[in-house]
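Worksheet: the structure to be examined is printed underneath.
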There are 2 protein chains.
Amino acid sequence: MAERNVTLDDTIVALAEQKKYSTLRDILVTMNPADAAALFDETEERLLPLLFRLLPKDMAAETFVEMDPDSQELLIHGFSDSELKEVVDELYVDDAVDLVEEMPANVVKRILKQADPETRKLINNILKYPDDSAGSLMTTEFVDLLPTMTAEDAIKRIRRTGTDKETINICYVIDDGRHLLGTVSIRNLILSEEDEAISQIMEENVISVNTLTDQEDVTGVFGKYDLTVLPVVDNENRLVGIITVDDALDVLETEATEDIEIMGGVTPTDKPYLKTSIWETFKARFPWLLLLMISATFTGQIITSFENSLAVAAVLTAYIPMLMDTGGNSGSQASVTVIRGISLGDIEFKDFFRVIWKEMRVAVLCGAALAAANFVKLMLVDRMLFHNPDVTVPVAAVICLTMVCTILVAKFVGCTLPMLAEKMGFDPAVMSSPFITTIVDALSLLIYFRFAVMILHL
Amino acid sequence: MAERNVTLDDTIVALAEQKKYSTLRDILVTMNPADAAALFDETEERLLPLLFRLLPKDMAAETFVEMDPDSQELLIHGFSDSELKEVVDELYVDDAVDLVEEMPANVVKRILKQADPETRKLINNILKYPDDSAGSLMTTEFVDLLPTMTAEDAIKRIRRTGTDKETINICYVIDDGRHLLGTVSIRNLILSEEDEAISQIMEENVISVNTLTDQEDVTGVFGKYDLTVLPVVDNENRLVGIITVDDALDVLETEATEDIEIMGGVTPTDKPYLKTSIWETFKARFPWLLLLMISATFTGQIITSFENSLAVAAVLTAYIPMLMDTGGNSGSQASVTVIRGISLGDIEFKDFFRVIWKEMRVAVLCGAALAAANFVKLMLVDRMLFHNPDVTVPVAAVICLTMVCTILVAKFVGCTLPMLAEKMGFDPAVMSSPFITTIVDALSLLIYFRFAVMILHL
């Protein structure tokens, strides 16, 4: 096969330069909106409005939703008021809310002005819910049915109103006060007799969340009950919206990214790596480095205060990195496992002592095994192979005892701090590797010098 | 409100002891299968078969699927052959495959013996696909339609066959050779005229994956295109199965957990934290600790080889932990961000130099800011406040220059190693904090002593 050097991007640009608009349109129409959006995000800015206007109306809104906020903003600036209205009218309410949340104030004003009054009211209602709550994730476009309808009535209602709804796969049965009574899947509707009453078909055992439920718990509910849609109710069990699984999937991915970034000592950002400016990346990382650097100076203080001992037994210095690293790694292992367990709901605060008891037993196993490996290495490699006369049995004992105690302390710190953070309402992910390492470093040195003083009589 | 000390578990046990089976049944029937499964997993083993037999038949299979493998195995051992057959017949094929994959060989034999021949063939077919492939995730229970059918025919077919299918929300249009031609959503079917041909209604632009597509890529496709079901085709574009979004959600969660665990230096396990034995936890952690401990001894070697210099300028020792920790943290930040970028598809190997260029600029900013902060701290706090005469301007220069260079090296190592690992077909998550820290520790010491020799003429 010959090497192919022409990309789709190049073709699009070439066609645009040659004003071959109908060919361009043909190409765009074959694409899925998500792919068209990805293409647009990579396109030169000057071509963006041109290409977007070539899209058929129904595809335009779907593509718009999938684009980066930067490209969306660019497009909106180029839109006439009527163009903007066309796009906004086609958006589902939850997507419109996402858009409003991403855009700067002046753009938001234009968007809300173009939205029809009903939509504007819905958007404003959803905006009232806290970020990260179920309310801010939901859409209000669902099919509602009355318990007195027959299956046939219900299907008629879906035919009449279904086009504007985000999903019709699950319909919601409500009473006159909009209280949620049950759900009916389209599958059950189709498989039922035409004259059967909705109250007979409906599933009354409904899983729902409150508008104020945290979005992380929302994804947990989706995962636990294998749902594709989840109803959102207010404190009086009145149905106010639904959350679809695609939004739950996004949340799950975003939350995992946030956890991972915080665990790596980076302030989370929404933007993809390559779209973040140098300055933004710097701001996300510098404060953590500074904080951790300041904490690490305490470790330095400990060394300074034992400087005289170290001068007498200089051989001890060489083993500081190994002990500190092993301590840090042991602590990280415990904290990472516990942090993930907390966010998956496997570990709760009531398991506090069970977790500690488990970690302590693992620590004894790890500590004993590593100390034994170390002792053999110290005696065979350092002493006999490299003929280092300073590596005596007492020195090896200091190192190995420190190893065992450090691992015990590290696992203890690593498993308790995330649980305590969670209990106190902080994000347990903060209590991860960087912090644990810094704390364990200091503790391991204190243990080291304590054993050195005791055994080597420094 | 009075303190409530009786839990649901207690009530269930009490009722079982009193043989109040109909009351128990009433309680269980009100529960969602996932909740019943959670209850059963916590129940005393001796009550498990009794409680399970109280469930109505359709709920039994659904509950069974949601239970822990341990409880499933326990139940199967207690089942008569006909009871086992009843449960297995009710399972969707993908759930049956999951069960077979979890159970020990003798149990698998019994399960396959009780499955009807058709199901057994399907299970065996799916078992042939590699773990972690789309083929191993899929189910074969979907609705297929022919392009020549009318909307009315299609709805009739769904009514006739729909009860056994995992979903009817999307139906698949295939030709006589089972090649995938398009999809029709139940929504479009309902909103269409009765006599419209499926070929007219169907969406031809179908997103599908191959049976061998990696499951991580499968979740990416769900996320990108906001799907609830995804068809799986073979190399000839013949439809062989579908994957539903609930399985994608599980994969996303499992993969994020695996990444996080590997990044924390722990071999990933499937089991929840509190269900893993001490021995399993030990085995997941010990090899990493040993490997990292051995690597850290090289750092120790570096210190040993500069022992004489350190004896002359003992003040340098106190700053080793701070420089090593800051280097490690800087490297972790870069690696965590790049690893997550790779797994979200934001970063590809073609971005290699863009990523390095970006990290280098961030490193210069971080390095300069931290070095400046350090210089001020060394001069004001260590020298003037604590009256440490050893902290001279040349010493401070050594420390600050080391800081800048270490951060540059750390960010470089942190961003390149994950990309190289990915390129070579390894899991980039391995190139995370623990490894980066160990490598950066050694490099930072080399830089430190190099500057010390140059500037302090040791």
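Observations on the model:
- Relative contact order of segment B:322-458, defined on C-alpha pairs under 8 angstrom at six or more residues apart (%): 43 percent
- Spin-label model, B:Arg53 to A:Glu204: label points 7 Å out along the Cα-to-beta-carbon direction sit 2.9 nm apart.
- Put in line by how crowded their Cβ is, counting other Cβ atoms within 10 Å and starting with the fewest, B:Asp89, B:Asp81 read B:Asp81, B:Asp89.
- Estimated from the Cβ-Cβ distance and a Förster radius of 22 angstrom, the FRET efficiency linking B:Met360 and B:Met454 is about 0.45.
- Against chain A, whose longest principal axis is taken from its Cα atoms, helix A:8-17 shows a tilt of about 50°.
- Cβ neighbours within 10 Å from other chains - mean over B:160-169: 3
- Pairs of Cα atoms in chain B fall into 20 Å distance bins, from 0 up to the last occupied one, in shares of 19, 37, 28, 15, 2 percent.
- Cα-Cα pairs of segment B:206-260 separated by more than 18 Å (percent): 29 percent
- Distance between modelled label sites at B:Lys109 and A:Leu112, nm, 7 Å Cα→Cβ extension: 7.1 nm
- Shortest first, A:Pro69 label-point distances to identical copies amount to 4.2 nm, with the label point at 7 Å from Cα along Cα→Cβ.
- Averaged over A:255-262, number of beta-carbon atoms from partner chains that fall within 10 Å: 5
- Using the Cβ-Cβ distance between B:Val29 and A:Asp175 with R0 set to 25 Å, the FRET efficiency works out to roughly 0.60.
- Which of A:Arg285, A:Arg159 has the fewest Cβ neighbours within 10 Å, and the rest in rising order: A:Arg159, A:Arg285
- A:Arg120-A:Glu102 pseudo-label distance in nm [points 7 Å out on the Cα-to-Cβ vector]: 2.3 nm
- The reciprocal of the average 1/r between distinct C-alpha atoms defines the Kirkwood hydrodynamic radius, which for segment A:305-344 equals 12.2 Å.
- With neighbour counts taken as other beta-carbon atoms within 10 Å, the residues B:Thr299, B:Thr161, A:Thr254 rank, fewest first, as B:Thr161, A:Thr254, B:Thr299.
- Teacher prompt: B:Lys224 distances to equivalent labels in other copies, 7 Å Cα→Cβ, nm: 3.3
- Reported value for the protein assembly as shown: 219 Å³ per residue, from the convex hull of its C-alpha atoms.
- When each of A:Lys109/A:Lys275; B:Lys121/B:Lys165; B:Lys224/B:Lys423; A:Lys275/B:Lys411; B:Lys283/B:Lys423 is checked by Cα-Cα distance, pairs over 20 Å: A:Lys109/A:Lys275; B:Lys224/B:Lys423; B:Lys283/B:Lys423
- Using a Förster distance of 22 Å, the FRET efficiency for B:Arg46-A:Lys350 (Cβ separation, nearest 0.05): 0.35
- Axis of helix B:105-114 versus longest Cα principal axis of chain B: the two differ by about 30°, to the nearest ten degrees.
- Take B:165-174, A:210-219 and order them by the average number of nearby Cβ atoms within 10 Å per residue, most first; the result is B:165-174, A:210-219.
- Alpha-carbon gyration tensor eigenvalues x 5, square-rooted, for segment B:8-128, Å: 27, 13, 12
- Kirkwood hydrodynamic radius computed over segment A:144-263 comes to 15.4 Å, based on all pairs of distinct alpha carbons.
- Average beta-carbon neighbours from other chains, 10 Å sphere, peptide B:384-391: 1
- Dipole axis of the protein assembly as shown (+1 Lys, Arg; -1 Asp, Glu on Cβ), positive-most option in B:Pro104, B:Leu401, B:Gly345: B:Leu401
- All-pairs alpha carbon distance profile, segment A:268-311, 5 Å steps from 0, percent: 5, 18, 18, 11, 11, 9, 9, 7, 7, 4, 1
- Relative intensity, log₁₀ I(q)/I(0), of segment B:276-456 from a Debye sum that treats every alpha carbon as a point, q = 0.09 Å⁻¹: -0.38
- Gained length - A:Asp390 relative to A:Glu17, 0.36 nm times residue gap less alpha-carbon distance: 126.6 nm
- In chain A, the calculated helix contribution to ellipticity at 222 nm averages -20000 deg cm²/dmol per residue, counting -39,500 (n - 2.57) for every DSSP H run with n ≥ 4.
Taken together, the values in this text are just the output of simple stated rules run on the coordinates, not laboratory data. Please read these numbers as outputs of a predicted model, since none were measured by experiment. Note that each Cβ is placed from the backbone with ideal geometry, even for glycine, and that neighbours are counted across all protein chains shown.
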